[in-house]
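Chemist: Supplied in structure tokens, the structure appears directly below.
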Amino acid sequence: MEVVNVLIIGSGPAGYTAAIYAARAGLKPVLYQGEQPGGQLTLTNDVENFPGYPEGVNGQQMMMDMQNQAERFDTDIRYGIVTAADLSKYPFEVTVDEEEKLQAKTIVIATGASAKWLGLESEKRLNNKGVSACAVCDGFFFKGQEVAVVGGGDTACEEASYLSKLCSKVHMIVRRDVLRASKIMQQRVMSTPNIEIHWHTETDEILGEDEVEGVRVFNNQTGEKTVLPVKGFFVAIGHKPNTDIFKGQLDMDDMGYIITKPDSSKTNIEGVFAAGDARDKVYRQAITAAGTGCMAALDAERWLAEKDFE
């Protein structure tokens, strides 16, 4: 069975950064790209907040740049999905595409997290054409315009508060008559004059062919439909970390995010490290994912060196 020094699972900013650092350290990392090679950024047209791209960059191009940089240092990048992992034995044993097995001396988990969507056809069609799941990433493009935010939790309130500083008006679409957010976030939203909360309201359809031109909503008590004249539509109903194959083996919070030890990428199992959105439910940015990818590679390198010394 093939044995690798560093197995990196995932190919977003965290995975590719870990690969760059591990490869430059001579560890000959193997990276499996997963279900969505390049991660969520490949679905983003314009990235303007990643250092080093003063004019901005297409998300797919940025991930290709990272991949090329990792390959330059001889990272072995492979298509495939890691479908199972046995962390109870050493070297760790993983299964790729439900049949191929290999062993790893260290594992860097960079599987990311997926945004939860409403499931509308128009939402999918207009993704990156006015529909987004990240206000910090895309809010700037709607400066001075009206936007909508769907959700009633902390994430939705944070997105609405952020957008209120950029946009002329923020419509919050909330399906209940209360917010689920913490008291302080509720107070912040309700005291912001350009945020309007639409209670008992759900999304019927996002309007527009090539860009968002409005959103049709309905009151779930009366059935009355209204069109909100928005240019941006932000879905903030949560994210799901892609960590299911590690459940029962790694310490996770109640949402499935991997818990790491303070000031490190170390998990509760020695030799297994976590980076990016699989462990981060707070920042969820490409630059923070890349930073933890760097940490994971350095932690793996040091752990291997200590193990060899023993």
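Chemist: I'd like to know if region 118-128 contains one or more residues that are closer than 29 Å to Lys247 by Cα, touching a helix residue (DSSP H, G or I) at 6+ places or on another chain (Cβ under 9 Å) and small (Gly, Ala, Ser).
Modeler: no
Chemist: Report, by residue number, each residue of region 203-251 that is part of a loop (DSSP other than H, G, I, E, B) and basic (Lys, Arg).
Modeler: Those that are part of a loop (DSSP other than H, G, I, E, B) and basic (Lys, Arg): Lys231, Lys247.
Chemist: I'd like the full set of residues that are buried (at least 24 other Cβ atoms within 10 Å of the Cβ) and within 26 Å of Thr17 (Cβ to Cβ), limited to region 114-132.
Modeler: If the condition is that a residue be buried (at least 24 other Cβ atoms within 10 Å of the Cβ) and within 26 Å of Thr17 (Cβ to Cβ), then Ser132 is the only one that fits.
Chemist: Taking Val4, is it of a type in the set (A, V, I, L, M, F, W, C), surrounded by 16 or more Cβ atoms within 10 Å (Cβ to Cβ) and under 30 Å from Lys129 (Cβ atoms)?
Modeler: The answer is no for Val4.
Chemist: Residues in region 35-76 that are crowded, with 20+ Cβ neighbours inside 10 Å, at pLDDT 90 or above and either closer than 29 Å to Gly271 by Cα or among the aromatic types (Phe, Trp, Tyr) (or both): how many?
Modeler: 5
Chemist: Then there's this: Is it the case that some residue within region 214-227 is under 19 Å from the mean Cα position of the chain (by Cα) and surrounded by fewer than 19 Cβ atoms within 10 Å (Cβ to Cβ)?
Modeler: Scanning region 214-227, I find no residue that is under 19 Å from the mean Cα position of the chain (by Cα) and surrounded by fewer than 19 Cβ atoms within 10 Å (Cβ to Cβ), so the answer is no.
Chemist: Further, regarding this structure: Within region 285-306, how many residues turn out to be assigned to a loop (DSSP other than H, G, I, E, B) and in contact with a strand residue (DSSP E or B) (Cβ under 7 Å, 6 or more places away or on another chain)?
Modeler: Residues in region 285-306 being assigned to a loop (DSSP other than H, G, I, E, B) and in contact with a strand residue (DSSP E or B) (Cβ under 7 Å, 6 or more places away or on another chain): 0 in total.
Chemist: A further question on this structure: Scan region 80-109 and report the pairs whose first residue is on the phi > 0 side of the Ramachandran plot and whose second residue is surrounded by 13 or more Cβ atoms within 10 Å (Cβ to Cβ) and among the aliphatic types (A, V, I, L, M), with Cβ atoms within less than 8 Å and a gap of 6+ or a chain change.
Modeler: Note: pairs meeting the criteria are Gly80/Val96; Asp97/Ile81.
Chemist: Still on this model: In this structure, does Ala148 turn out to be crowded, with 16+ Cβ neighbours inside 10 Å, in a helix (DSSP H, G or I) and modelled with pLDDT of 95 or more?
Modeler: no
Chemist: Could you list, in sequence order, all residues of region 232-266 that are over 20 Å from Ala156 (Cβ atoms), free of Cβ contacts under 8 Å to residues at least 24 places away in the same chain and either surrounded by 16 or more Cβ atoms within 10 Å (Cβ to Cβ) or not basic (Lys, Arg) (or both)?
Modeler: Selection gives Asp244, Gly248, Asp251, Met252, Ile259, Thr260, Pro262, Asp263.
Chemist: Show me the strands (runs of 3 or more DSSP E) found entirely inside region 1-87 where at least 3 residues are farther than 26 Å from Gln249 by Cβ.
Modeler: none
Chemist: Among the residues of region 174-192, is there at least one that is in the same structural domain as Val149 (by TED's automatic domain parsing) and in contact (Cβ under 8 Å) with a residue 40 or more places away in the chain?
Modeler: yes
Chemist: Please go through region 110-145 and pick out each residue that is in contact with a Phe, Trp or Tyr (Cβ under 7 Å, 6 or more places away or on another chain), hydrophobic (A, V, I, L, M, F, W, C) and at pLDDT 95 or above.
Modeler: Within region 110-145, Val131 is the sole residue that qualifies.
Chemist: Quick check: is even one residue across region 96-105 modelled with pLDDT of 95 or more, assigned by TED's automatic domain parsing to the domain that holds Asp251, buried (at least 22 other Cβ atoms within 10 Å of the Cβ) and in a strand (DSSP E or B)?
Modeler: Checked against the condition, which is being modelled with pLDDT of 95 or more, assigned by TED's automatic domain parsing to the domain that holds Asp251, buried (at least 22 other Cβ atoms within 10 Å of the Cβ) and in a strand (DSSP E or B), region 96-105 yields at least one hit.
Chemist: In contact with a strand residue (DSSP E or B) (Cβ under 6 Å, 6 or more places away or on another chain), more than 23 Å from Cys157 (Cβ to Cβ) and crowded, with 17+ Cβ neighbours inside 10 Å - does that describe any residue in region 197-213?
Modeler: Taking every residue of region 197-213 in turn, at least one turns out to be in contact with a strand residue (DSSP E or B) (Cβ under 6 Å, 6 or more places away or on another chain), more than 23 Å from Cys157 (Cβ to Cβ) and crowded, with 17+ Cβ neighbours inside 10 Å.
Chemist: Just a yes or no: is a residue in region 58-71 farther than 28 Å from Ala300 by Cα, in the same structural domain as Thr267 (by TED's automatic domain parsing) and touching a residue at least 24 places away in the same chain (Cβ under 8 Å)?
Modeler: no
The values are calculated or read from the model by the stated rules, or taken from the named source; none is laboratory data. Computed from a predicted model, the values in this text were never measured in an experiment. Here Cβ is always computed from backbone atoms with ideal geometry, including for glycine, and neighbour counts include all displayed protein chains.
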